[in-house]
Amino acid sequence: MAKTEPQLIDTVAPPRNFTLSVEERLRAYAQGAPGYIRRRRRIEDLEARLVQKLAAAPARGDAASAPEIAAELALLNDLIDRHNRYYPIEANLPIDVRTGRLIERGAPWRPLPPLTAADLLARAASGR
């Protein structure tokens with residue numbers, strides 16, 4: 001009778017390439033989500049709210065120049081600027097030693113572009 005190799009069985013907990021110490025887990029629990037995640041969420045929420053306001057406006061061109069929309073667009077671009085400035089440090093992005101570029105999930109990191117009223121109007125017109 002031939003000897004057979006044992007079969008590998010998938011488990012509920014797949015192998016992971018990192019571990020967190022008890023101290024790191026407690027710090028994460030106490031501090032909550034990292035700043036760059038909270039900031040990115042604020043950017044996405046504010047952008048969606050602006051697009052929704054522009055899509056609901058009867059005259060989109062006039063709404064884009066309204067002082068309220070302009071103030072929120074300035075806030076959005078300030079958040080984007082702060083995100084681009086601090087994200088690489090907060091997320092501890094690695095640097096490709098050959099090119100000197102920051103790496104995010106295996107690809108070169110690209111900062112978020114600032115948004116204009118025209119960008120938001122295009123998104124409102126396309127329904128996104």
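The values are calculated or read from the model by the stated rules, or taken from the named source; none is laboratory data. Everything numeric in this text was worked out from a predicted model, so none of it was measured. Note that we place each Cβ from the backbone using ideal geometry, even for glycine, and neighbour counts take in every protein chain shown. For the accessible areas, the whole protein counts, side chains as well, though only heavy atoms, and no ligand, DNA or RNA atoms are used. Shrake-Rupley method; radii C 1.70, N 1.55, O 1.52, S 1.80 Å.
With a 1.4 Å probe and all protein chains kept in place, how much accessible area does Arg42 have, in Å² rounded to the nearest 10?
Per-residue accessible area (Arg42): approximately 120 Å².
Divide the volume of the convex hull of the Cα atoms of region 83-128 by its number of residues and quote the answer in cubic angstrom per residue.
Each residue corresponds to 110 Å³ of Cα convex hull volume.
How much FRET efficiency would the formula 1/(1 + (r/R0)^6) give for Ala28 and Asp78, where r is the Cβ-Cβ distance and R0 is 25 Å, rounded to 0.05?
0.35
Please report, for the Cα atoms of region 25-98, the Rg to one decimal and the Dmax as a whole number; what are they, in angstrom?
Looking at region 25-98, its Cα Rg and Dmax stand at 16.8, 52 Å.
What whole-number value in cubic angstrom gives the convex hull volume per residue for the C-alpha atoms of the chain?
Cα convex hull per residue, to the nearest whole number: 241 Å³.
Pairing the Cα long axis of helix 67-90 with the longest principal axis of the chain, what angle in degrees results, from 0 to 90 and rounded to the nearest 10?
The helix 67-90 is inclined about 30 degrees to the chain.
Pairing the Cα long axis of helix 22-31 with the longest principal axis of the chain, what angle in degrees results, from 0 to 90 and rounded to the nearest 10?
With rounding to tens, the tilt is 20 degrees.
At 1.4 Å probe radius, can you tell me the per residue accessible area of the chain in Å²?
Here the residues of the chain average 80 Å² of exposed surface.
R0 = 22 Å: FRET efficiency of Asp45 with Leu93, Cβ-based, nearest 0.05?
Computed FRET efficiency for Asp45 and Leu93 comes out at 0.40.
Between 0 and 90 degrees, rounded to the nearest ten: what's the tilt of helix 35-56 against the longest Cα principal axis of the chain?
With rounding to tens, the tilt is 40 degrees.
State the answer as a single residue: which of Pro58, Gly32, Thr99 lies farthest towards the positive end of the charge dipole of the chain, with beta carbon charges of +1 for Lys and Arg and -1 for Asp and Glu, about the Cα centre.
After comparing all options, I get Thr99.
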